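Rule-based calculations on the coordinates, nothing more; no lab input. Everything numeric here is computed off the predicted structure, so don't read it as measured data. Note that we place each Cβ from the backbone using ideal geometry, even for glycine, and neighbour counts take in every protein chain shown.
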Amino acid sequence: MGKSDEAAASREEEAMQLAAAKQEYAEHMDSLRAEGLLDDQFLELQQLQDESSPDFVEEVVLLFIQDSGRIIQNLTDSLEQTPVNFKKVDAHVHQFKGSSSSIGAKRVKAVCIILHMCCDREDQQGCLFALEHVKREFDLIKGKLQTMLKLEKQIIALGGTPPFEDKL
Amino acid sequence: MHLILFLPFTPPPPPPPPPPLFSQCLLWVLVVLERNANGHRQRKVLLVEDTRINRIILRKVLQNLNLLCDEAENGKIAVDLHVQGNSYDLILMDKEMPVMDGHEATRQLRLMGVKTPIIALTGNALQSDRELFFEAGVNDFQTKPLSRDKLVQLLIRHGVESSIPAAG
């Protein structure tokens with residue numbers, strides 16, 4: 001095989017790897033939407049990314065993960081107090097509901113609303129139960145978003161450029 | 001008569017690419033001055049929002065719309081910015097914030113004589129929320145998250161349309 005044939009074969013293989021990575025990414029994002037984990041607000045977020053802010057989505061996602069971890073810890077600590085300061089708990093819930101809504105984390109927002117209703121009723125047991133749901137939903141979306149970022153990096157490493165999905 | 005002007009000013013983003021020839025530099029300066037003389041002043045928005053992620057996202061939306069943006073984490077900071085002599089073309093006012101909430105901040109701004117359009121932003125679409133905000137003196141009410149399209153409609157409705165670039 002001549003050098004030009006080898007180069008052509010290598011380029012073809014790279015193109016196939018890139019196509020496979022993009023396919024995996026598209027399927028991952030489709031599943032996030034189909035499972036109701038992300039709504040259209042996440043698409044709005046992706047559309048804000050441009051040449052002046054090429055890492056905007058990653059920055060916002062990582063900030064969401066970091067802030068959410070802190071808020072969940074604050075919620076856990078507040079609900080362990082006796083007596084519970086429900087106003088303080090609700091303030092944390094409000095923050096979490098707001099940030100999850102802004103990023104499009106639909107199911108996290110939904111369980112935050114349930115937690116807010118328990119705060120309104122000053123129902124400590126209800127709050128604790130709802131908080132467990134919040135933690136589960138957050139862990140789920142956190143893992144999926146981290147996978148999304150990993151897949152994006154793989155696409156970029158293979159020579160791909162955003163948007164990573166045709167629908168954007 | 002031709003004037004050569006060397007003025008220390010910052011052209012509005014995105015600036016036209018500076019041309020290589022000196023004679024074309026003169027033309028570039030005159031074009032930018034003419035643009036300013038025709039009233040294409042860059043509009044400025046005050047974003048009053050306690051949740052950091054929400055501020056980051058809205059800031060990016062405003063930047064992409066070629067709008068300058070000041071930020072306040074609570075209503076008191078928003079009021080203080082006006083006491084310090086700042087003025088804005090539009091104010092986006094969150095409802096629930098620590099220190100001073102959106103209702104109180106709006107009331108105080110109106111008592112100070114601030115006539116800037118104030119858009120109330122809240123995660124709830126409750127009628128009672130709307131009524132309280134309008135009583136406080138807001139001009140408009142929107143539920144969060146605020147999309148680019150909704151923001152553009154608000155800007156047009158409240159006369160801040162001249163900065164809006166063509167939709168991409």
Which loop-located trypsin sites (Lys or Arg not before Pro) does the range A:64-168 contain, where loop means any DSSP state but H, G, I, E or B and the Cβ has at most 15 other Cβ atoms within 10 Å?
A:Arg121, A:Lys167
When the charge dipole of the range A:39-147 is computed with +1 on Lys and Arg Cβ and -1 on Asp and Glu Cβ about the Cα centre, the Cα farthest towards its positive end, among A:Leu62, A:Phe129, A:Ser101, belongs to A:Phe129
Per DSSP, loop GluC sites (Glu not before Pro) in the range A:35-128 with at most 14 further Cβ within 10 Å
A:Glu35, A:Glu51, A:Glu80, A:Glu122
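Quick one: order A:Phe129, A:Phe56 by neighbouring beta-carbon count within 10 Å, fewest to most.
The order, fewest Cβ neighbours first, is A:Phe129, A:Phe56.
Based only on other Cβ atoms within 10 Å, what is the fewest-to-most ordering of B:Ile118, B:Ile53?
B:Ile53, B:Ile118
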Which FRET efficiency value, to the nearest 0.05, do you get for B:Val99 and A:Met16 by plugging their Cβ-Cβ distance into 1/(1 + (r/R0)^6) with R0 = 56 Å?
0.50
The lysines whose Cα lies under 26 Å from the Cα of A:Lys3, excluding any fewer than 8 residues away in the same chain, are none
Rounded if a/c is under 1.5, else prolate if a/b is larger than b/c, else oblate: which is the range B:72-168, with a ≥ b ≥ c the root eigenvalues of its Cα gyration tensor?
oblate
In peptide B:52-64, what is the residue-averaged number of other protein chain Cβ atoms found within 10 Å of each Cβ?
5
What size of dipole, in debye to the nearest 20, comes out for chain A about its Cα centre when the only charges are +1 on Lys and Arg C-beta atoms and -1 on Asp and Glu C-beta atoms?
600 debye
What spacing in nm lies between the two simple spin-label points modelled at B:Val152 and B:Arg107, each 7 Å away from Cα in the Cβ direction?
3.8 nm
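Using the Kirkwood radius built from alpha carbon pairs, what does the Stokes-Einstein equation give as D for the range A:39-147 at 20 °C and 1.002 mPa s, in µm² per second?
Approximately 149 µm²/s, per Stokes-Einstein.
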Using 0.36 nm times the number of residues separating A:Phe129 and A:Lys87, minus their current alpha carbon distance, what extension gain do you get?
13.3 nm
